[in-house]
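As structure tokens, the structure follows; a few thoughts come after it.
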Amino acid sequence: MVECTYGGTTKEGIFIIERDGMAVVKLDSGYNIGVNPVSCKFFGHPAESPPKKIKIPQKNDLPALSIVSTGGTIASRIDYRTGSVTSQFDASDILMAIPELAKVAHYRTIPLATILSENMTPAIWQELARAVYKEIKNGIAGVIITHGTDTMAHSAAAISFMIDTPVPIVFVGSQRSADRPSSDNAINAVCAASAATSDLGEVAVVMHATTNDDTCAIHRGTRVRKMHSSRRDAFRSIGIDPLGSVAYPSREVTLKSYTARRGSRTLALHVKLEEHCGLVQFYPGMSPDLLKIYEGYKGLVLSGTGLGHVSTTLLPSIKKLIRSGTMVVMTTQCMQGRVCDRVYDTGRDLLTAGVIEGGDMLPEVALVKMMWVLGNERDPERAAALMQKDLKGECNRRSTHGL
Amino acid sequence: MDYRSAGLTAGIEIHQQVNTKEKLFCHCQTLLRDSIEHSGEFFRYLRVTESEMGEIDRAAQEEMKRDRKFHYYTYDTTCLVENDEEPPSPLNDEALSVCLTIAKMFGMAPVQQVHTMRKLVIDGSNTSGFQRTALVALNGTLPNGGEIDTICLEEEAAQRVKDDIFSLDRLGIPLIEITTSPCMHTPEEVQEVAEYIGMVLRSTGKVKRGIGTIRQDVNISILGGARVEIKGVQELDLIAEVVRREVQRQQNLIAIRNELLQKKASVHDNAKNVTGLFKETKSTVLKKAKQIYAISLEGFAGQVGREIQPGRRLGSEMSDYAKKCGIGGIFHTDELPGYGVTADEVARLRIHMNAGVEDCVVIVAAVNDNQTACALNQVIIRAQLALSDNPVPEETRKMLETGSSAYMRPLPGAARMYPETDVLPVIVDNDRWNAIAVPELLTAKAQRYAREYSIDRNYAIQLALSEKLPLFERAVAEGIKPKLAVFTILSTCTELRREGVETGKISDEDYLASWHAVESGRAAKEAIPDIFRGLASGSSFEDVIRKLSPAVSLQELESIIQKVVSDRSDFVAQKGKTALGPLMGVVMTEVRGSVDGKIVSDILKKEIDSLLAAKKP
């Protein structure tokens, strides 16, 4: 508690933090104001309110789900006492925040990491894969992974390649922070839990399908992309329709015929990744120098223009990379549609140089797949063949989907 | 009524929309739309969240009693920020400047660093579930010696279209909230302070005008009562009445408590299912109900039906509480038989409930067990409050049309505040504060006009408070005679409106064009009503002028006047010089006001004189 004097008036308030040379003080009315720190005088501590800890009973007759947290905002909020986002994370915290979840399943929670998703790394993907594998091996009915939305699609692709799963592995997050009454966190979480207890049998992302609070879409982990910086319905399936949907509030799950079903795969874990891989987006006038830094890398994904092109000035550098043992895979920055380097001269030259066509794979999925393929297959020819083979729904043989 | 000895203490909160180019936290215009024009629609659920201190606000908790599903209309003038699909833009600096100007006018101290907060509001009027608000200045003074506690810059809420449908055009318009201390002690004083603050706000020339652009909330308590906030008083004239009625309500609630204590009244949960008793009922409400429950309030007979303010009873308060559970209302035996419920049914109900004549039985009709339990619980809570040591609950209430009020929710507390982490704080340094120019108060302006332009004082005050003040100032700056502009704005337009002419449709540009036409002799000032009639009916200014002034030349005018005079030579002979007045009217009608009256009267006087001279023997 402090007393602050400024502009001829004195106010009492709770000192919260000193930031950018200003003291942030909370007044009785709940408003925060910033005042000059020298005008504040400490006079006592506010009455401590004991941290509430309510145990919420779980229903054991419901399916068991594991919630693996990587630092997503599904149940977090600012904690002014510690000055950071709440780090305590157990089933009670989540059920306190989203009581509706208790109707769907009972939960085990595994706090894996507390990071912003842009700080995700292949090493954490591996940790995540091991943790998820362990849960499934122990007989859990499904796994929910809470994740920041920025790189959720990358992580979903990584887990898709690393685990052959007989049960649903569902990534979920929220686009609008969990500390707002309008947050999409609760509906996304409830829909994710519903998908995780459903007949689904693959790695998926479950997020709002529209701006309304009515449906969540189930997206394949290898065909999903964040297509808007802030909207609730930012996640879209690219090149295929979503695997299914979860209606809200009925929680009814509908799956498409081509969606893998529970139990159709045998559990297996392949965690090896080759981290020396890169992804470069081509742009007009791009200097060949930019490719030089990838010399010594095991693989490079190019995000080319249109059918999969880069300027002819880059050809010598690409040839050099391939000759020295770097795998180069071409994808398209159009996102929609597939690469075909047989139509124009530049494309043919790229193929002659040894560039591998990445089909209709999304550039970032091709990168994650490359890490996994090169981590698990040393023979260049077999690795190249794997890059073009559909492993986890990342490559469509036919282009059935329009824009 | 001696309000001072009743211990009346009142404060007000004034909410005024600011007329900025863009909204407070996005770059949309501050434009109100007709809800028919909406271009899209979406719906959301709102959930209660904890404050940064880990508490849940009691007002928010109350709102959680019902389904929080809300529909929103979007427009081509709204964006993803209103839809709560995009983080807010930085705090609108133009709005902050207006807010600081007003703060300076009240002699307030600005907050050195302004922090935007989220005020939890989950009644659906904000897509996010909170209203963004920032405390900008503290400690102002009023001429009556009262204080202004705070001035805040807030975003306006979405307008309710109907039920749970909201329109997003209004959401995000900057709103200035001025809160006085509880420094007023009579209903009239409250109204005067509200009027004064409104005048100061309008003096900036930067606030929106018209219905709904300014709203007052009144905080009232009396000795033995409690602080009650009445929201949404839109008409200034009603403020004093609202205060009077709230005092009456609190006094009656205290009187009811005393009676109840005397009668040894008590509240027990003795609710019973009485659905069977109303199988054959004629009451449409009860016939439709899936289940009907009743509870007997011992010793409450006569008190539930007792009027506490015009049109409101203790029963209305119980009904408001129960409505929070989604039911339509309650019935109680103080008002029965009635509403299709027969005396016979009441008698059976009393027997079934084991209720004596001194007891009041309350009936709740609901769709399911949850709703019934919720509504019965609310009735019990309200009945217990009526009996308690604090018979006036601290509440937020909404004003009803006549000045009475209905319960909305408990008073919110500080627990509803959460920092808006998406908006950076803004520094208000000494340079900025010192650079703010304080505008002339409208009351001072009125005095100056009266003096400088020799305008009647009452006229000058009316003008200063008029929405057309900026137009007047523009006209004077453009060289229009102040008296012409004032007369048109205050007198001509008022008369035209009485005739049913929609003068509101006339643009400021057309006002100015009309005045310039008069000043340049292109039209007579007598023609202004006709010009305005034409403009209001949708014609362009040029069309109106062309139609009205068939460009009468001086020559034509002379011959018209000669004809008028000679046609009425007997009348002129009889009346002599006094014929001028009546004949003026005739000529002005002939030329349809297109010639200046002064010219007409000069020629007319000459013609009359010459006719009289000729007639003289």
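The values are calculated or read from the model by the stated rules, or taken from the named source; none is laboratory data. These numbers come from a predicted model, not from an experiment. All Cβ positions, even for glycine, are placed from backbone atoms using ideal geometry, and neighbour counts span all protein chains on display.
Numbers below:
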read-out: Residue list for the stretch B:215-243, filter: hydrophobic (A, V, I, L, M, F, W, C) and assigned to a strand (DSSP E or B); value: B:V218, B:I220, B:V228, B:I230, B:V233
read-out: Those residues of the stretch A:141-182 which are over 17 Å from the mean Cα position of the chain (by Cα) and free of Cβ contacts under 8 Å to residues at least 60 places away in the same chain, in sequence order; value: A:R180, A:P181, A:S182
read-out: Matching residues in the stretch A:189-224 - criterion: being under 16 Å from the mean Cα position of the chain (by Cα), away from chain B (no Cβ under 12 Å) and part of a helix (DSSP H, G or I); value: A:A192
read-out: Checking A:S117 against (1) closer than 30 Å to B:G129 by Cβ; (2) surrounded by 23 or more Cβ atoms within 10 Å (Cβ to Cβ); (3) away from chain B (no Cβ under 14 Å); (4) of a type in the set (S, T, Y), the condition it does not meet; value: (2)
read-out: Matching option when the condition is out of contact with any Gly (no Cβ under 6 Å at 6 or more places or on another chain), assigned to a helix (DSSP H, G or I) and within 21 Å of B:S404 (Cα to Cα), among B:A322, B:A347, B:A373; value: B:A322
read-out: Filtered residues of the stretch B:488-510 (kept if surrounded by fewer than 16 Cβ atoms within 10 Å (Cβ to Cβ) and assigned to a helix (DSSP H, G or I)); value: B:S491, B:T494, B:E495, B:R497, B:R498, B:E499, B:G504, B:K505, B:D508, B:E509
read-out: Criterion (within 14 Å of chain A (Cβ to nearest Cβ) and either among the aliphatic types (A, V, I, L, M) or over 29 Å from B:Q216 (Cα atoms) (or both)) met by exactly one of B:V423, B:V364, B:V392; value: B:V423
read-out: Filter result for B:V247 (part of a helix (DSSP H, G or I), in contact (Cβ under 8 Å) with a residue 40 or more places away in the chain and buried (at least 20 other Cβ atoms within 10 Å of the Cβ)); value: yes
read-out: Subset of the stretch B:8-48 [more than 28 Å from A:D184 (Cβ to Cβ) and within 14 Å of chain A (Cβ to nearest Cβ)]; value: B:G11, B:E13
read-out: B:G146 vs. criteria out of contact with any Pro (no Cβ under 7 Å at 6 or more places or on another chain), assigned by TED's automatic domain parsing to the domain that holds B:K208 and over 30 Å from A:R232 (Cβ atoms); value: yes
read-out: First in the stretch A:35-47 and more than 11 Å from chain B (Cβ to nearest Cβ) and under 19 Å from B:Q112 (Cβ atoms), second anywhere and surrounded by 12 or more Cβ atoms within 10 Å (Cβ to Cβ) and at pLDDT 80 or above, Cβ under 7 Å, 6 or more apart; value: A:C40/A:F15; A:C40/A:A23; A:C40/A:V25
read-out: Flag for A:S92 being among the hydroxyl-bearing types (S, T, Y), modelled with pLDDT under 85 and closer than 30 Å to A:A129 by Cα; value: yes
read-out: Strands (runs of 3 or more DSSP E) (entirely within the stretch B:72-168) containing at least 2 residues that are among the polar types (S, T, N, Q) and within 13 Å of chain A (Cβ to nearest Cβ); value: B:130-141
read-out: Residue in the stretch B:1-8 that is touching a Pro at 6+ places or on another chain (Cβ under 9 Å), of a type outside the set (K, R) and crowded, with 18+ Cβ neighbours inside 10 Å present; value: yes
read-out: Any hit, the stretch B:415-425, residues being farther than 30 Å from A:P181 by Cα and outside the structural domain of B:V98 (by TED's automatic domain parsing); value: no
read-out: Where A:D61 falls short, out of the listed (1) more than 14 Å from chain B (Cβ to nearest Cβ); (2) loosely packed, with under 12 Cβ neighbours inside 10 Å; (3) modelled with pLDDT under 85; value: (3)
read-out: Answer from A:S257, A:S237, A:S245, A:S264 - the residue that is out of contact with any Phe, Trp or Tyr (no Cβ under 8 Å at 6 or more places or on another chain) and free of Cβ contacts under 8 Å to residues at least 12 places away in the same chain; value: A:S257
read-out: Residue list for the stretch B:405-419, restricted to those being in contact with a Ser or Thr (Cβ under 9 Å, 6 or more places away or on another chain) and more than 14 Å from chain A (Cβ to nearest Cβ); value: B:A406, B:Y407, B:M408, B:R409, B:P410
read-out: Residue in the stretch A:250-267 that is under 28 Å from A:P380 (Cα atoms) and not hydrophobic (A, V, I, L, M, F, W, C) present; value: yes
read-out: Residue count for the stretch B:1-48, restricted to those that are in a loop (DSSP other than H, G, I, E, B), of a type in the set (A, V, I, L, M, F, W, C) and farther than 25 Å from B:E147 by Cβ; value: 9
read-out: Check on A:S182, in a loop (DSSP other than H, G, I, E, B), modelled with pLDDT of 95 or more and either touching a strand residue (DSSP E or B) at 6+ places or on another chain (Cβ under 7 Å) or on the phi > 0 side of the Ramachandran plot (or both); value: no
read-out: Filtered residue count, the stretch B:526-563, keeping only those that are part of a helix (DSSP H, G or I), under 19 Å from B:L512 (Cβ atoms) and not β-branched (V, I, T); value: 14
read-out: Any hit, the stretch B:188-202, residues being modelled with pLDDT under 95, of a type in the set (S, T, N, Q) and assigned to a helix (DSSP H, G or I); value: yes
